[in-house]
Amino acid sequence: MNRRKFLVTSTLALGVTALGGVYWKTRWRYIVIHHSAGSHGTIELLQEVHRQRQAGDPVDAIPYHYVIGNGNGLGLGEVASDWRQRFDIWGAHVSGNNSGRNFLGIGICLVGNLEEKALPPKQFQALVELTRKMMSKYGIPPENVAGHGKIDGEATKCPGRYFPFEELERAIS
Ligand SMILES: [Zn+2]
């Protein structure tokens with residue numbers, strides 16, 4: 001059994017026995033929005049960055065549940081995910097100060113550096129659609145949708161100064 005299979009199997013076993021399958025699949029209460037801070041991105045690249053930055057994480061996957069491409073690596077507005085999302089595993093997208101947001105928060109990462117550039121409309125539209133879908137699927141209220149740096153205890157500019165918070169608020173309320 002390879003490392004990944006072992007982790008998937010043991011994580012699933014833990015999830016199913018300790019928490020109950022239904023709870024595990026429906027526990028999501030928050031959505032946290034990030035940018036990748038890089039000009040291009042794919043699942044493989046984000047996984048590589050995660051391996052380097054959080055070498056201790058036993059979940060060898062991207063830290064987010066969804067990635068939305070900017071046309072550079074992934075298509076513009078293309079939504080991608082890996083086995084973290086498939087098995088509803090907790091995220092690794094906020095700091096230890098907010099472990100609840102990692103455990104109960106769906107992490108969405110926009111490829112691109114929104115400290116430097118505006119978000120392309122098509123990528124924003126994909127974010128709105130995905131966010132609304134998650135909100136209705138799990139009953140997440142608009143006030144539980146936040147940009148990474150807007151959460152108390154997080155010291156980051158993520159998802160960047162050009163992230164259109166007001167437009168998003170309008171689009172999801
Ligand atoms: Zn972030």
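The values are calculated or read from the model by the stated rules, or taken from the named source; none is laboratory data. What you see is a predicted model; the values in this text were computed from it and never measured. Here the Cβ is made from the backbone with ideal geometry for all residues, glycine too, and neighbour counts use every protein chain on show.
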Scan of segment 131-173 for residues that are β-branched (V, I, T) and in a loop (DSSP other than H, G, I, E, B), ordered by number: I140, I151, T156
Residue match in segment 118-141 (condition: within 11 Å of I31 (Cα to Cα), of a type outside the set (A, V, I, L, M) and either at pLDDT below 95 or within 16 Å of the ligand (Cβ to nearest atom) (or both)): yes
Among the strands (runs of 3 or more DSSP E) confined wholly to segment 20-130, which include 2 or more residues that are β-branched (V, I, T)? 30-35, 66-70, 105-110
Checking Y64 against (1) surrounded by fewer than 17 Cβ atoms within 10 Å (Cβ to Cβ); (2) free of Cβ contacts under 8 Å to residues at least 60 places away in the same chain, which single condition isn't satisfied? (1)
Could you please find all residues in segment 84-103 being in contact with an Asp or Glu (Cβ under 9 Å, 6 or more places away or on another chain) and buried (at least 16 other Cβ atoms within 10 Å of the Cβ)? A92, V94, N98, R101
Subset of segment 150-173 [among the small types (G, A, S) and closer than 19 Å to S136 by Cβ]: A171, S173
Within segment 66-102, how many residues turn out to be within 16 Å of the ligand (Cβ to nearest atom) and of a type in the set (A, V, I, L, M, F, W, C)? 5
Here is a list: L114, L119. Which entry is out of contact with any helix residue (DSSP H, G or I) (no Cβ under 9 Å at 6 or more places or on another chain) and closer than 13 Å to P159 by Cβ? L114
Would you mention how many residues in segment 143-163 are away from the ligand (no atom under 14 Å from the Cβ) and more than 15 Å from I108 (Cβ to Cβ)? 3
Residues of segment 133-158 satisfying the condition of being touching a helix residue (DSSP H, G or I) at 6+ places or on another chain (Cβ under 6 Å), under 19 Å from Y66 (Cα atoms) and either without any contact (Cβ under 8 Å) to a residue 60 or more places away in the chain or of a type outside the set (A, V, I, L, M, F, W, C) (or both): P142
Sole exception among (1) within 11 Å of the ligand (Cβ to nearest atom); (2) small (G, A, S); (3) more than 16 Å from the chain's Cα centre (by Cα) for S173, by number: (1)
If I filter segment 136-148 down to residues being crowded, with 17+ Cβ neighbours inside 10 Å and not β-branched (V, I, T), which single residue comes out as farthest from E167 (Cα to Cα)? Y138
